[in-house]
Amino acid sequence: MKKSRRGYMAFCFILFISLSLSAVSCSTTTGPETIVVTEIVEGEVVEKIITATPSLEEAEAPDTLVVLSITTPPALDPDIWSGYSWMQLMVNVYESVLAYEMVDEAEAGIPDGILIDGVEKINGAGDEGVVGNFFESWEIVDDQTVIFHVREGYKSYWGNQATADDWIWRVERAFALGAVGDFQLSVMGITGPDDVEKIDDMTIKMHTPNGPNPVFFKGLCVPVLVAFDVKAMKEQGAITEDDPWATEALKQQDFGYGPYHVADFVPGSYLKLEANPYYWKGEPAFKYVQYQEVPESSNRMAMLWAGEGHIAIDLTLLQKHEFVGGKGEAVYVGLPETNMHFGIQANRTWGAFSNLDCYHALGYAIPYEQIQETAYFGFGKVMKEAMVPIFGETVNAGNSPYYYDIDKAEELWTGGNCPATWTLTFAAEYPHYEDVGILLRTEFAKFGVNVVLDKQPDNVVSAKRSARELEALMEEGSAFVADAGYNAWLEWHKDSFDNVQAWYDEVNEGISSQIDQAMAMPSGPERTALLHEMQDVFVDQGGRMNILIPGWHLTANKHIRGHFWYASNVVHWADLYWE
Amino acid sequence: MNQVKRVFRGFRKEATYLIGFYKERPLSAFGLFISMIFVFLAFLGPTIAPYNPEEASADFLEPPSQKHWFGTDRSGLDVFSRTISAPRIDFTIGLVATTLAVLAGVPMGVIAGFLPGWRGSTISRAFDVLNCLPPFIVAMCLVAFAGQSILNVIIVLALLNAPLFVRLVRSKVHSVKQRKFIESATCLGNSQTRVMLHHVLPNSLEPVLVQFPVNVGWAILTTAGLSFIGAGVRAPTPEWGSMISIGAPLLITGQWWVAIFPGIAVGICVLGLALFASSLEILLDPTRG
Amino acid sequence: MKRVASVVFTRCLLIVPQVLGLSALIFFLVRLLPGDPVIARLGGHAPALTIDNLRHQLGLDLPLHIQYIHYMKDLLRGDLGDSWTTAQPVIEDLKMRLPATLELMFLGMGIALMVGVIIGVISAGRPGGLLDRSTIFYTLLAGALPEFYIGIIMVFLFYVVWGLAPHPAGRLGLASLPPPRITGMYLIDSVIAGQWDTFRDALGHLILPVFTLAFWQTGAIMKMTRSTMLQILDSDFINYGRLVGLKPAIIRRYALRNALPPIIGLTVTIFAVLLGGIVLIEQVFSWGGLGQYSVEAVTSSDYEAITGFLMLASTISLLLFIMLDIANAIIDPRLEL
């Protein structure tokens, strides 16, 4: 080749390499640096690699809290359930009208957590442990009527003072749309907009016509029962003739009284939130929040480790486990026991578990301890009852008769003429579900039964659940209100959307009517006895086989302090600060 | 008796030629060798594996050691056993899917190439339309619809690969059609069908044969891709793509062996197939050295 | 001239039935997906009445062929429906993400083409030499490894272990804002706006995914270049040139010119297929382009989004193939259509 050609090409290559190198070195951050240390482990000299990472801003507190999430929410409407990310945004741009009080773990009946500065007190009775947000105070007129006073100085991002109209509008909207708001209001005894009356601009009377409701106050702490800034909505054209409930506007914008406001929303990429300068508790420590979508869990982990993100949501359990005790810029924060439970819902109307023997066999075939040690990396604890015990006395703690005994399981399975194969469905988003599935599969293979692992995206699982098309569903769930009756209503009632088995035999009819009863009587020994009896029947007849109380786990930057745990299991950014 | 002797002598001649051929080309020999190893593993992999590839155990996330040569993953499954059991799935899917694609595509290609004028063009255009669909997303959709199973993945891959063979055969048929011996076959009074089946078809198969192992390789890569994204085979079936997908988030927590070994295995397998294909190409047409 | 015109005419005539066929295929394919988008949107809480209302509103209770007709009517007006995961019109989503994918593709394929052709030519010039053997080996290796595997290894080595590359989560650092949008491609837009910091940031984030893409595709181009060059260097007219005494440089130039059509053909084909094939690389790097969008759409049963994406990708592929066919027919008179 001619020299000039050769030279030209060489020049091109050198140019390309130098451009890439300069771009690489000019990029804004570096990943973790590594140092190699020698240690003596079990008598042998071992080389250990330690990563020492430079953090983004060493001493000064950043003004933007960076949250790394799997996805941005599809919409911001409090009446349309849209998954975990949605819930995360709801509690920060809106605020429930009442809230659980923040106390320390002991008072809340929860075992001590790691780096937890207090938790919500969810197990009080009646209005015990409930504090006011939008409603500053209340007077209990009788056991079916309460008068609420709206708080003076409760202002939105636009500086508007809250009025009773904001709540009335919310209630009317809930019943008009017939979605999440409707459900939450109904479970606390409000049957329609007529049950909520405006006395004057700052006073509201609420009435439960069907009888005293034991979860009335707790029900108002639910994240979706919020007040809207109706004045701002009218001024900004969110409420129109064609769209009186602002369904279009609320997809991408928020009009709440919460501590943050969505300033910029790029679906599929990020949200940028700005603090509400008029927030009644005072402006939050972080003036801005960047809610970033990072779909790959290992990328979220790497960024958190390097200090490029402050909170990483939904890392895998293994990744969370890595951060226990601190790693790089981040640290693990968690509670061993909360209102979450993990287990298998078995369909009792058709399929393998319509036969009671097979259902009992399942209870003995689950390797509870092994699941907790391996698939859950030692987090959580084995669950021995129908509902989480931290709910208090309404839960019949320890009433589960099941334990791991593979021979007994085989005996029941073969004795009951159970089928040779069954399908276990679970969401694809959580790798540890698959691990549990594989463990179960191995157990059942010991007596020749094939368990088909059906891993689907979460929305497909939801759709199939609603259509009652699942034979067995493995999932983590939680009930927001710490009451066995509420939990049963949510998960066991024959009409509940969450009840995959939709069993209609006598037992279920019986339990459903017991639930109805329990939700219309005041708290007390009579109600507790009723609920305990119901749980005993349920544990025997099905269809939820509880495995673990998984606990709650989060990974956050080591400088972040504040309250982390709430009954909704998502973080309130306004309660965090940098140290 | 003489007939039999003649056949055997023919075999020996062919065998000697082939052995000499591969001796001269170590790279191709390597490819053939690799391909045969994977065929062997496809048959006997799970049998010779030291551990049951689908059985969970208590040794989870162990690094490579005497006990577990490639280490174990999150469920205590032995990575080595799974890596050598995976060809049964991957290779089978690749082989069957490509065979189906050939069986579907070749006849269509022959007909399309043989028919003069617009009729041939139309069939070809129809298959061209299939070519425009982004294959990966379509595969995702189809598997999502039909459900995750080996059979569905095979059918989907066969559907997506058939147009390629149609195209290949069609252009080859075009050039074969022009050759003198076809003209003479027609002149001799053979029916068009007989000419097509007896004269054109056998002479058009060469590009198909060469493309076949390459396509098996693509099918394996696509299956791995689908499983990586969760749209391929069900857990815990041992399959290289799903093993990489399990192992990917484990790289950053230090358990590199779960993802690295299956990836290397895929690479070697597809490499072997590609080398074998290029040796086939030279074998069938010695002018392309 | 007349021939060219008739070629173009017949090819273009076929576009309409092909696009119609494509759209019908895509439409019905997507409607077969599992997962009920209405329930996915409203959640299980909603009562049956609300579900029915939304279903009616979205037109999902009509028979399929009627839904198809409505869809095509909207399509002709440029309306691809609304995506429910992003609450935006699909056409806006696509417009926003297409430049991300294109930027990655152009850079990746550009490098693959440059490196592939240059090295292919050199190794064809010295068959059997060291460079030639190494390129053969590299070609086979790069084609054999899955692209997501290459991407994962890159992230692991360059970000986690060596800390050289910026975090693999998108096109810009967290603190940066994108430049004012003209083409949507950050490199171009930041240069036009004079924002050099953003330019460096975007370039830094592009390095790994572009390198992964180039690594993956260079092999095929290298191989094609090499074999075509070998064939041509052996052909009669080149031999004649050598006999006549033309300088080797000139011979090489003629050879390359003749080798270009199949190389271009291959590149265009790769391009046409890459729009859908880049999915896994985008997923690994959280690129925020069309690939990632389509994966999320499939997993969320977002009918409009998937249909819109498939329409766009298929139409682009179809147009590219048509242009390629026309170009080939023009260049080579022997080719019959």
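So which residues in the stretch A:264-310 are more than 10 Å from chain C (Cβ to nearest Cβ), hydroxyl-bearing (S, T, Y) and either under 13 Å from A:T71 (Cβ atoms) or buried (at least 24 other Cβ atoms within 10 Å of the Cβ) (or both)?
If the condition is that a residue be more than 10 Å from chain C (Cβ to nearest Cβ), hydroxyl-bearing (S, T, Y) and either under 13 Å from A:T71 (Cβ atoms) or buried (at least 24 other Cβ atoms within 10 Å of the Cβ) (or both), then A:Y291, A:S297 are the ones that fit.
What residue, among those in the stretch B:233-242 that are more than 7 Å from every other protein chain (Cβ to nearest Cβ) and within 21 Å of A:D458 (Cα to Cα), is modelled with the highest pLDDT?
Ranking the qualifying residues of the stretch B:233-242, first place goes to B:S242.
Check off (1) more than 8 Å from chain C (Cβ to nearest Cβ); (2) under 18 Å from C:Y149 (Cα atoms); (3) assigned to a helix (DSSP H, G or I) for B:T253 and give me the number that stays unchecked.
(3)
With A:G415, A:G392 as the choices, which residue is touching a residue at least 40 places away in the same chain (Cβ under 8 Å), away from chain C (no Cβ under 14 Å), touching a Gly at 6+ places or on another chain (Cβ under 7 Å) and among the small types (G, A, S)?
Exactly one residue qualifies, and that residue is A:G392.
Considering each of C:V117, C:V160 in turn, give the residue that is over 29 Å from A:L304 (Cα atoms) and among the β-branched types (V, I, T).
When all the criteria are applied, what remains is C:V117.
Take C:L174 and decide whether it is at pLDDT 85 or above and either of a type outside the set (K, R) or surrounded by 21 or more Cβ atoms within 10 Å (Cβ to Cβ) (or both).
No, not satisfied.
Checking the condition modelled with pLDDT of 75 or more and either at negative phi or aliphatic (A, V, I, L, M) (or both), which residue from C:R41, C:R11, C:R3 passes?
None of the others qualify; the one that does is C:R11.
Of all residues in the stretch C:72-90, count the ones that are away from chain A (no Cβ under 14 Å) and touching a helix residue (DSSP H, G or I) at 6+ places or on another chain (Cβ under 9 Å).
Matching residues across the stretch C:72-90 total 6.
So B:S245 clears everything in (1) of a type in the set (G, A, S); (2) at the interface with chain C (Cβ under 8 Å from one of its Cβ atoms); (3) within 21 Å of A:A302 (Cα to Cα) except one condition, right? Which one?
(2)
Tell me yes or no: at least one residue of the stretch A:212-227 is surrounded by fewer than 17 Cβ atoms within 10 Å (Cβ to Cβ), touching a residue at least 40 places away in the same chain (Cβ under 8 Å) and over 21 Å from the mean Cα position of the chain (by Cα).
The answer is no; no qualifying residue exists.
Identify, please: which residue in the stretch B:215-232 is without any contact (Cβ under 8 Å) to a residue 40 or more places away in the chain and either within 9 Å of chain C (Cβ to nearest Cβ) or part of a loop (DSSP other than H, G, I, E, B) (or both) and is, among those, farthest from the chain's Cα centre (by Cα)?
Looking at the filtered set, the residue picked out is B:G230.
If you check A:I371 against the conditions, is it out of contact with any Gly (no Cβ under 7 Å at 6 or more places or on another chain) and of a type in the set (V, I, T)?
yes
Kindly indicate the residue of the stretch C:16-35 that is of a type in the set (V, I, T) and modelled with pLDDT of 85 or more and also nearest to C:Y303 (Cα to Cα) among those meeting that condition.
C:I26
Can you tell me which residue among C:I192, C:I119, C:I152, C:I182 is free of Cβ contacts under 8 Å to residues at least 12 places away in the same chain and not charged (D, E, K, R)?
Of C:I192, C:I119, C:I152, C:I182, the one residue that is free of Cβ contacts under 8 Å to residues at least 12 places away in the same chain and not charged (D, E, K, R) is C:I182.
Every residue in the stretch A:283-319 that is within 22 Å of C:I153 (Cα to Cα) and in a helix (DSSP H, G or I), please.
Hits for the stretch A:283-319 are A:S297, A:S298, A:N299, A:R300, A:M301, A:A302, A:M303, A:L304, A:W305, A:L318, A:Q319.
State the number of residues belonging to the stretch C:177-223 that are crowded, with 19+ Cβ neighbours inside 10 Å, outside any helix (DSSP H, G or I) and more than 16 Å from the chain's Cα centre (by Cα).
Of the residues in that region, 2 qualify.
Out of C:V121, C:V117, C:V161, I need the residue that is over 21 Å from C:I306 (Cα atoms), facing chain A (nearest Cβ under 10 Å) and either buried (at least 22 other Cβ atoms within 10 Å of the Cβ) or in contact with a helix residue (DSSP H, G or I) (Cβ under 7 Å, 6 or more places away or on another chain) (or both). Which one?
So the residue among C:V121, C:V117, C:V161 that is over 21 Å from C:I306 (Cα atoms), facing chain A (nearest Cβ under 10 Å) and either buried (at least 22 other Cβ atoms within 10 Å of the Cβ) or in contact with a helix residue (DSSP H, G or I) (Cβ under 7 Å, 6 or more places away or on another chain) (or both) is C:V121.
Working only within the stretch C:1-35, note down all residues that are in contact (Cβ under 8 Å) with a residue 60 or more places away in the chain and within 14 Å of chain A (Cβ to nearest Cβ).
C:L33, C:P34, C:G35
Counting just the residues of the stretch C:303-325 that are more than 17 Å from C:L25 (Cα to Cα) and of a type outside the set (V, I, T), which one comes out farthest from the other protein chains (Cβ to nearest Cβ)?
Result: C:M323.
Can you name the residue in the stretch B:183-214 that is in a loop (DSSP other than H, G, I, E, B) and among the hydrophobic types (A, V, I, L, M, F, W, C) and is also nearest to B:F114 (Cα to Cα) among such residues?
B:L205
Only one of (1) modelled with pLDDT under 90; (2) not in a loop (DSSP other than H, G, I, E, B) is not met by A:I122, so which one is it?
Condition not satisfied by A:I122: (2).
Taking interchain pairs and intrachain pairs at least six residues apart, which have beta carbon atoms under 7 angstrom, with the first residue in the stretch C:59-77 and of a type outside the set (G, A, S) and the second part of a helix (DSSP H, G or I)?
Pairs found: C:L60/C:V38; C:D61/C:R55; C:L64/C:F28; C:L64/C:R31; C:Y68/C:A24; C:Y68/C:F27; C:Y71/C:F27; C:M72/C:S23.
Could you identify the single residue in A:A428, A:A397 that is under 25 Å from the mean Cα position of the chain (by Cα), more than 30 Å from A:N459 (Cα to Cα) and free of Cβ contacts under 8 Å to residues at least 40 places away in the same chain?
Checking each option against the conditions leaves just A:A397.
Within the stretch A:445-490, how many residues turn out to be more than 14 Å from chain C (Cβ to nearest Cβ), surrounded by fewer than 23 Cβ atoms within 10 Å (Cβ to Cβ) and over 30 Å from A:N123 (Cα atoms)?
Counting residues in the stretch A:445-490 that are more than 14 Å from chain C (Cβ to nearest Cβ), surrounded by fewer than 23 Cβ atoms within 10 Å (Cβ to Cβ) and over 30 Å from A:N123 (Cα atoms) gives 10.
When you go through B:T193, B:T122, B:T186 one by one, which is the residue that is among the polar types (S, T, N, Q), at the interface with chain C (Cβ under 10 Å from one of its Cβ atoms) and without any contact (Cβ under 8 Å) to a residue 40 or more places away in the chain?
None of the others qualify; the one that does is B:T122.
Rundown of residues vs (1) surrounded by 24 or more Cβ atoms within 10 Å (Cβ to Cβ); (2) at the interface with chain B (Cβ under 9 Å from one of its Cβ atoms); (3) of a type in the set (F, W, Y); (4) under 14 Å from the mean Cα position of the chain (by Cα), yes/no style:
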residue	(1), (2), (3), (4)
C:P262	no, no, no, no
C:L266	no, no, no, yes
C:I270	no, no, no, yes
C:V273	no, yes, no, yes
C:V284	yes, yes, no, no
C:L290	yes, no, no, yes
C:S294	yes, yes, no, yes
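On the given criteria, is A:V382 hydrophobic (A, V, I, L, M, F, W, C) and surrounded by fewer than 22 Cβ atoms within 10 Å (Cβ to Cβ)?
Yes, satisfied.
The values are calculated or read from the model by the stated rules, or taken from the named source; none is laboratory data. Because the structure is a prediction, the values reported are computed rather than measured. Cβ coordinates were reconstructed from backbone atoms using ideal geometry, including for glycine residues, and neighbour counts include every protein chain displayed.
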